[in-house]
Amino acid sequence: MKFGIIKERKNPPDRRVVFSPEKLKEFKKQFPEAEIVVESSDIRVFSDEAYQKAGFEVTNDISDCDVLLGVKEVPVDNLIPNKKYFYFSHTIKKQAYNRKLLKAMLEKNIEMYDHETITNNNGSRLIGFGRYAGLVGAYNGFRALGLRDNLFELPKVETLPDFDAVKAELDKITIPNIKILLTGTGKVAKGAKEILDHLKIKQVSDALYLTTDFSEPVYCMADVMEYNKRKDGKVGEKYAFYNDPSEYESNFMPYAKETDYFIAGHFYGNNAPYLFTREDAKSKGFKINLIADISCDVDGPVASTIKASTIADPIYGYDPVNEVEVDYKHKGAITVMAVDNLPCELPKDASEGFGDMFLEHVIPAFFNNDANGILERARMTTSDGKLTERYSYLQDYVDGKQ
């Protein structure tokens, strides 16, 4: 079987890659029967020369590969028919902007394996950049705080070589006496927690957070059952909420009345209640004035996220009274950081971490007859141009009916 590491062609450019040269060497060592080539790229965080020095062929023609490994969406014109592709297609939620992409893959008899669909038997995702989104998102929030309040000036993550340099910059600053709320318990939230813990900010329980004033910066990590509650007053249950959130309503306002800086690291599912609405943000007790919305669902559960921001221009202000964008230093504004491609700012670390997961969980499936069902669960489309049964719910989306 021949594997190809593809060049990223989506704009804005993404410097990440599935495998670093060193991790590709581990791949070859573990599975010597695999053939591996690397498509030439002038934007990848690891140079062509680095792959060549690691012993891999770098080429402009990957049309003879069986499996093609990438990160972001492949432009329709660059899709090679009759191949197996791995990348983030952003289609499993019926994203309108990528309907043509999924349709093209079906027409070209491509077997699509979305990184988001790579799960274990329990449905938990095995592959992703969540940790790095959390790391960069939390850092960017503190950067916004420093700039807005003239406390300190942190450099952009994209200007730093790696995560060690990020931590070195954080060591230079002092965080004021603020209360920080972090939602979520997954990879994104744990990445953000690494930043908070590196800054030696004290973690406190929900009960203390909601009832106590502190003389030092503190943070609380809230799970989904803390900021949602059953409408009928009964005790909520996390997995019941995930399966059917319609019986629940937001319980976020008690936190909003105690929080200065909110880091949104939660996963937001279809039909789940909003954390806070635009009306909530207008209420007198609403205290939050800085938000790092790592989840970045525009016009979604975090009302102040009225658009995604960019790495080039990551911070904007939200005027809760008039419900419009303003300068982030505007009096009364909520300062918002809502970059939707945060791991791109740490391409080296993110690529190395991604390769670790991919080699552990995915590559063995090609050589053990998919013993754990990894590939079968992840396969969205077939080699004869059809959706697999698991993803048949996308048919109306493909047909343009939704």
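A few points about this structure:
- Residue selection: ALA338 satisfies the criterion of being touching a Cys at 6+ places or on another chain (Cβ under 6 Å), buried (at least 19 other Cβ atoms within 10 Å of the Cβ) and closer than 25 Å to LYS193 by Cβ.
- Residues located in the stretch 27-59, provided they are under 26 Å from LEU346 (Cα atoms) and surrounded by fewer than 10 Cβ atoms within 10 Å (Cβ to Cβ): ASP42
- In the set PHE358, PHE367, only one residue is within 21 Å of the chain's Cα centre (by Cα) and of a type in the set (Phe, Trp, Tyr); that residue is PHE358.
- Condition broken by ALA333, with the remaining ones in (1) modelled with pLDDT of 95 or more; (2) within 21 Å of the chain's Cα centre (by Cα); (3) not aromatic (Phe, Trp, Tyr) satisfied: (2)
- Qualifying position, being farther than 30 Å from ASN243 by Cα, surrounded by fewer than 15 Cβ atoms within 10 Å (Cβ to Cβ), assigned by TED's automatic domain parsing to the domain that holds PHE354 and in contact (Cβ under 8 Å) with a residue 60 or more places away in the chain, among ASP77, ASP64: ASP64
- Residues in the stretch 148-158 that are touching a Lys or Arg at 6+ places or on another chain (Cβ under 8 Å) and under 21 Å from LEU181 (Cβ atoms): ARG148, LEU154.
- Residue match in the stretch 89-108 (condition: out of contact with any Leu (no Cβ under 7 Å at 6 or more places or on another chain), within 21 Å of PHE19 (Cβ to Cβ), surrounded by 15 or more Cβ atoms within 10 Å (Cβ to Cβ) and in the same structural domain as PHE358 (by TED's automatic domain parsing)): no
- The residue pairs whose first member lies in the stretch 182-196 and is closer than 19 Å to ILE127 by Cα, whose second member is acidic (Asp, Glu), and whose beta carbons are closer than 7 Å, counting only pairs six or more residues apart or on different chains, are THR185/ASP223.
- Answer residue from the stretch 311-325, given it is out of contact with any helix residue (DSSP H, G or I) (no Cβ under 7 Å at 6 or more places or on another chain) and surrounded by 14 or more Cβ atoms within 10 Å (Cβ to Cβ) and is farthest from PRO12 (Cα to Cα) among those: ASP319
- Filter pass, GLU325 being outside the structural domain of LEU68 (by TED's automatic domain parsing) and not aliphatic (A, V, I, L, M): yes
- Flag for TYR328 being surrounded by 15 or more Cβ atoms within 10 Å (Cβ to Cβ), within 30 Å of TYR261 (Cβ to Cβ), over 20 Å from the mean Cα position of the chain (by Cα) and touching a residue at least 24 places away in the same chain (Cβ under 8 Å): yes
The values are calculated or read from the model by the stated rules, or taken from the named source; none is laboratory data. Bear in mind the structure is a predicted one, so any value in this text is a computation, not a measurement. Note that we place each Cβ from the backbone using ideal geometry, even for glycine, and neighbour counts take in every protein chain shown.
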